[in-house]
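Here's the structure we're looking at; comments come further down.
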Amino acid sequence: MKHTKKTLMIVLFVVVVVGLITVLGKKAHKNKDPYESLFKMFPERKIDVASMMDQTTKHRYYVYIYNPQQKGSQALEKTVNDAVQYNSSLYFLNVNENLNAIKKFDWQTFNTQNDREIGKVVNGKIIYNKGESADRYIKTTKKDPYGDRIVYTIQKYTKDYATYNIKARPGKVYARITRPWINYRQYQKGKLTLGGGPTLLEINKKKIVHFAYDTKEITAVMKQWEKENS
């Protein structure tokens with residue numbers, strides 16, 4: 001009996017230790033910079049906010065801004081690693097190493113002021129207000145104040161969404177803007193504003209001329225590089 005109890009204690013101990021190692025291993029992997037091996041070969045590819053505008057090897061280059069802990073950055077890991085071989089002017093900026101120089105985009109004020117109530121949910125189905133439709137927003141060609149296309153998604157009310165749009169009400173449906181309005185063309189050196197997701201900046205002659213935001217836009221840009229070089 002004592003022998004059985006001792007065996008069970010040992011088994012339980014081993015299970016706990018293995019579980020702890022697994023959790024810590026996953027956490028370490030999550031926190032690990034996915035481009036460490038790349039930086040060992042090309043240390044010049046890793047830059048900071050202070051030097052972001054001073055890469056002088058070519059007139060036009062790109063800066064991929066990422067946070068290793070964010071799902072969006074993790075989802076892009078393979079795409080970005082593949083893209084390195086198609087673009088020798090791609091640089092990397094780790095958000096976690098530049099926190100003092102980065103300002104977060106104020107999504108709450110932005111969504112509260114700019115998202116629009118366009119319908120309601122009845123028996124699980126979206127009923128749009130008169131004159132409204134999903135296509136009106138999803139397919140819009142309207143530009144934001146800085147010349148970039150406005151990107152919307154159709155958003156049903158959730159408690160999470162209500163933390164961004166404080167005017168949101170249960171049962172209502174909204175046209176939610178998902179691409180931040182940031183005037184990168186008037187960028188002031190050393191002061192970088194980010195929308196939260198991974199961002200790809202295109203810089204030409206020390207001016208930011210375009211930016212791609214989040215996984216879909218960045219993937220499209222990098223797949224175009226692959227297409228142009230295949």
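The values are calculated or read from the model by the stated rules, or taken from the named source; none is laboratory data. Source: prediction; values computed, not measured. No Cβ is skipped: glycine too gets one built from the backbone with ideal geometry, and neighbour counts run over all protein chains shown. Accessible surface is based on the protein model in full, side chains and every heavy atom, while ligands, DNA and RNA are left aside. Shrake-Rupley method; radii C 1.70, N 1.55, O 1.52, S 1.80 Å.
A Cβ distance below 6 Å, combined with a sequence gap of six or more or placement on separate chains, defines the contacts here; from segment 36-61, residues that are in the same structural domain as residue 78 (by the TED database) reach residues that are modelled with pLDDT of 90 or more and among the basic types (Lys, Arg) in the pairs 39/46.
Hey, among the residues in segment 87-114 that are polar (S, T, N, Q) and without any contact (Cβ under 8 Å) to a residue 40 or more places away in the chain, which one's least open to solvent (accessible area, probe 1.4 Å)? Walk me through it before giving the result.
Quick first cut of segment 87-114, residues polar (S, T, N, Q) only: 87-89, 94, 96, 98, 100, 108-109, 111-114.
Okay, now just the ones that are also without any contact (Cβ under 8 Å) to a residue 40 or more places away in the chain, so 88-89, 96, 100, 109, 113.
Working: 88: 75, 89: 7, 96: 60, 100: 167, 109: 58, 113: 139 Å².
Out of the qualifying residues, it is 89.
Report yes if some residue within segment 200-210 is surrounded by fewer than 18 Cβ atoms within 10 Å (Cβ to Cβ) and assigned to a loop (DSSP other than H, G, I, E, B); otherwise report no. The answer is yes; a qualifying residue exists.
Condition check ((1) without any contact (Cβ under 8 Å) to a residue 40 or more places away in the chain; (2) surrounded by 12 or more Cβ atoms within 10 Å (Cβ to Cβ); (3) more than 19 Å from the chain's Cα centre (by Cα)) across all residues:
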{"site": "116", "(1), (2), (3)": "no, yes, yes"}
{"site": "142", "(1), (2), (3)": "yes, no, yes"}
{"site": "153", "(1), (2), (3)": "yes, yes, no"}
{"site": "156", "(1), (2), (3)": "yes, yes, yes"}
{"site": "179", "(1), (2), (3)": "yes, yes, no"}
{"site": "182", "(1), (2), (3)": "no, yes, no"}
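The set of residues from segment 62-83 being open to solvent by 20 Å² or more (accessible area, probe 1.4 Å) and out of contact with any Asp or Glu (no Cβ under 8 Å at 6 or more places or on another chain) comprises 67, 69, 70, 71, 74, 75, 77, 78, 79, 81. Only one of the listed residues (188, 224) is assigned to a loop (DSSP other than H, G, I, E, B) and free of Cβ contacts under 8 Å to residues at least 12 places away in the same chain. That residue is 188.
Before we move on, is residue 216 over 20 Å from the mean Cα position of the chain (by Cα) and open to solvent by 40 Å² or more (accessible area, probe 1.4 Å)? No, not satisfied. Here residue 217 meets each of (1) without any contact (Cβ under 8 Å) to a residue 60 or more places away in the chain; (2) farther than 19 Å from residue 91 by Cβ with one exception, condition (2). Looking across segment 124-140 at every residue that is open to solvent by less than 60 Å² (accessible area, probe 1.4 Å) and either aromatic (Phe, Trp, Tyr) or not in a loop (DSSP other than H, G, I, E, B) (or both), the one that is farthest from residue 107 (Cα to Cα) is identified as 126.
Which count do you get for residues in segment 88-101 that are of a type in the set (Val, Ile, Thr) and modelled with pLDDT under 95?
Keep residues of segment 88-101 that are of a type in the set (Val, Ile, Thr), which gives 95.
From what is left, the residues that are modelled with pLDDT under 95 are none.
Within segment 88-101, residues that are of a type in the set (Val, Ile, Thr) and modelled with pLDDT under 95 number 0.
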